Amino acid sequence: MKQSQLKPWLKASPNKIPLCVLTCYAGYSDYLMEVEYKNKLQPLKDDQDNLLHFKTIEQAQALLKSVGISNMTLRLTDPYDEFLPEGITSGCEEDMVLYF
């Protein structure tokens, strides 16, 4: 979903606030945002179709506040999960909901 589409889409469906997931990858300093659209998480992109990168959680909060969203889910993804033994999952599976 493009950033420019987010606000008009929210205005068209004011009773449906989407799930917004801010993902940080272990070992990577930026955050990426995904927005739930039609029951599927879609990466948030700029008008040139590039992924939006956030340097801080506060930058992502400011964007969401500007369109009327008051919470998001923070998710840590460990890119090395595939190296764990069969049947063992990463210790970081829980998401954290942030309210602002």
Can you pull out the residues in region 26-59 that are under 17 Å from Lys2 (Cα atoms), in contact (Cβ under 8 Å) with a residue 40 or more places away in the chain and either open to solvent by 50 Å² or more (accessible area, probe 1.4 Å) or more than 9 Å from the chain's Cα centre (by Cα) (or both)?
Gln42, Lys45, Asp46, Asp47, Asp49, Leu52
In region 1-17, what count of residues is obtained for those that are touching a residue at least 24 places away in the same chain (Cβ under 8 Å) and surrounded by 12 or more Cβ atoms within 10 Å (Cβ to Cβ)?
8
Could you please find all residues in region 74-100 being at pLDDT below 70, open to solvent by 70 Å² or more (accessible area, probe 1.4 Å) and either assigned to a loop (DSSP other than H, G, I, E, B) or under 13 Å from Ala26 (Cα atoms) (or both)?
Tyr80, Gly87, Ile88, Thr89, Gly91, Glu93
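The values are calculated or read from the model by the stated rules, or taken from the named source; none is laboratory data. Here the structure is a predicted model, which is why all the values come from computation and not from measurement. When we count neighbours, we look across all protein chains shown, and the Cβ atoms used for this are built from the backbone with ideal geometry, even at glycine. Just so you know, the surface numbers come from the protein's heavy atoms only, side chains and all, with ligands and any DNA or RNA stripped out. Shrake-Rupley method; radii C 1.70, N 1.55, O 1.52, S 1.80 Å.
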